[in-house]
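Colleague: Have a look at this one before I ask anything.
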Amino acid sequence: MSKVDVVLGSFYGDEGKGKIIDFLGGHADVALRATGGNNAGHSIEVDSEKYVFHLIPSGILNKGTLAIIGNGVVIDPKVLIEEITTLKEKGKDVSNLRISTKAHVIFPYHIEMDKMLEENRGAKKIGTTARGIGPCYCDKYERCGIRIEDLYSKKFKDLLERNVRNKNKIFRLYGWEEVDSEEIYKEYTKYAEVLKEYVCDTTTLIHKLLKEDKKIICEGAQATLLDIDFGSYPYVTSSNPTIGGIITGSGINAHDIGEVYGVMKAYSSRVGAGPYVTEQDNEVGDMIRELGHEYGATTKRPRRCGYLDLVALKYAVMVNGITALCMNHLDTIGKLDTIKVCTAYERDGKRTEEFTTNEEELLASTAVYEEFPGNFPDISKIRKRKDLPKNALNYIKRIEEYVGVPIKFIGVGAGRDEMIYEED
Ligand code: IMO
Ligand code: MG
């Protein structure tokens, strides 16, 4: 029996999970997505061709790798079909895609609801990606959601009409434009036809593959601090991007989990609203944004940037059982004169190394920093950790010592191969 290796975000997303997945994926038989939807954006560059994935596990780029979208994912079929089409146009084989019968479907009324709710929040906006993610998960838990398998059922039209009726009542109440059930029905029956060949019971399939000793990599989306339970609620996404979500979002069990890779950057970023203790809303943050090209792959929004927060990272290690860290952008942070890293929070005159998800506590916390000299020489050609400049090594060692987990992957440049990876 093989195990599922999982790649998770350790902070507020956009840690460069795609790059690590791409690296690990080369050795995998199966690539799995279990959580989130097209709020995720994972960019990968192969043979100087850039691919941005929102739904399909990026492992599909490797010939022969089975790409599974698990039950925990919410699927906008229009976006999925666009992704399939783009891949086909670029000459990629998509026949290895599998979609869970149980995954929930995003409808236009979810997207409209997402936009409407954001507008109604006024000054307290979450800054969602406006992809209908939250409203779709709401329907799932309210038990009126429509699953992929329902698209092929006789009851689909009735389910859709009921949902549209109910959503339109709310839209009317808030003076929002209503949606048309007939139009959606026509559109979605077409989508269903296109997707049919990929739909199956992915849970049974995954367990069969595990028995066959196939190597499975689970591609996490979003990140620990965006988790609906363990993140900075309410400024979070509507799913569990942490390790538990991988289990419920795919049907594997706790024993099936192998390595848990936590992806992080040598600094930090956040897109959307909410507290962010180490944010540098100043020229340092601006510099990191420009040096690290910190603009959203999904929404193109400029990301808020700041220093690495070890208090938060240690929390991510704890919640997910992270066994190894993958640190991207060491080259980027090395361009600063001085690198700061947060090793404690100070609140009400007291120091703590324990993370909190309480909004008021987070807002009242200031970061306590340790400083490291920056100005690394060009490290992009380095492939052995021991060859890194002393200042870079000291920074890495301090992080490892603080969180108690080794950094196994070190990104030293934007390129696919610009990475230090050493086997045990
Ligand atoms: P990847 O997988 C960064 C953020 C949004 C917003 C909040 C809620 O690329 O790391 P949602 O649309 O999910 O209801 O928005 O979560 N968010 C992300 N931020 N990377 C992501 O995914 C994100 N997915 C959601 O910006 O603050
Ligand atoms: Mg993103």
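Colleague: Of all residues being open to solvent by 40 Å² or more (accessible area, probe 1.4 Å) and either under 20 Å from VAL412 (Cα atoms) or of a type in the set (Lys, Arg) (or both) in region 290-308, which is modelled with the lowest pLDDT? Just the residue, please.
Modeller: LYS300
Colleague: Of all residues in region 179-205 being in contact with a strand residue (DSSP E or B) (Cβ under 6 Å, 6 or more places away or on another chain) and surrounded by 17 or more Cβ atoms within 10 Å (Cβ to Cβ), which is farthest from ILE111 (Cα to Cα)?
Modeller: Only one residue tops the list, namely THR202.
Residues checked against (1) touching a Leu at 6+ places or on another chain (Cβ under 8 Å); (2) open to solvent by less than 60 Å² (accessible area, probe 1.4 Å); (3) at positive phi:
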| position | (1), (2), (3) |
| --- | --- |
| SER365 | no, yes, no |
| ARG385 | yes, yes, no |
| PRO389 | no, yes, no |
| LYS397 | no, no, no |
| VAL403 | yes, yes, no |
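Colleague: Another question about this same structure. Name every residue in region 49-68 that is more than 16 Å from ligand 2 (Cβ to nearest atom), buried (at least 23 other Cβ atoms within 10 Å of the Cβ) and among the small types (Gly, Ala, Ser), in order of residue number.
Modeller: Correct list: GLY59, ALA67.
Colleague: Please state which of the following conditions ALA254 fails to meet, knowing it meets all the rest: (1) more than 25 Å from ARG131 (Cα to Cα); (2) surrounded by fewer than 22 Cβ atoms within 10 Å (Cβ to Cβ); (3) within 14 Å of the chain's Cα centre (by Cα); (4) not aromatic (Phe, Trp, Tyr).
Modeller: For ALA254, the failing item is (3).
Colleague: Mind checking which residues of region 13-48 are within 16 Å of ligand 1 (Cβ to nearest atom), open to solvent by 10 Å² or more (accessible area, probe 1.4 Å) and part of a loop (DSSP other than H, G, I, E, B)?
Modeller: ASP14, GLY16, ASN39, GLY41
Colleague: Criterion first (in contact (Cβ under 8 Å) with a residue 12 or more places away in the chain, away from ligand 1 (no atom under 16 Å from the Cβ) and in a loop (DSSP other than H, G, I, E, B)) does GLY91 satisfy it? Step through it out loud before you land on a result.
Modeller: Values: in contact (Cβ under 8 Å) with a residue 12 or more places away in the chain: no; away from ligand 1 (no atom under 16 Å from the Cβ): yes; in a loop (DSSP other than H, G, I, E, B): yes.
For GLY91, the condition - in contact (Cβ under 8 Å) with a residue 12 or more places away in the chain, away from ligand 1 (no atom under 16 Å from the Cβ) and in a loop (DSSP other than H, G, I, E, B) - is not met.
Colleague: Still on this structure: Count, please, the residues in region 296-323 that happen to be farther than 17 Å from LEU393 by Cα, in a strand (DSSP E or B) and not acidic (Asp, Glu).
Modeller: Counting residues in region 296-323 that are farther than 17 Å from LEU393 by Cα, in a strand (DSSP E or B) and not acidic (Asp, Glu) gives 4.
Colleague: Mind checking which residues of region 206-228 are touching a residue at least 40 places away in the same chain (Cβ under 8 Å), open to solvent by 10 Å² or more (accessible area, probe 1.4 Å) and not charged (D, E, K, R)?
Modeller: HIS207, LEU209, GLN222, LEU226
Colleague: Within region 257-265, does at least one residue satisfy the condition of being assigned to a loop (DSSP other than H, G, I, E, B), touching a residue at least 60 places away in the same chain (Cβ under 8 Å), more than 16 Å from ligand 2 (Cβ to nearest atom) and open to solvent by less than 50 Å² (accessible area, probe 1.4 Å)?
Modeller: We begin by selecting, within region 257-265, every residue assigned to a loop (DSSP other than H, G, I, E, B); these are none.
No, that holds for no residue.
The values are calculated or read from the model by the stated rules, or taken from the named source; none is laboratory data. These numbers come from a predicted model, not from an experiment. All Cβ positions, even for glycine, are placed from backbone atoms using ideal geometry, and neighbour counts span all protein chains on display. Remember, those area values only see protein heavy atoms, side chains included, never the ligands or the DNA or RNA. Shrake-Rupley method; radii C 1.70, N 1.55, O 1.52, S 1.80 Å.
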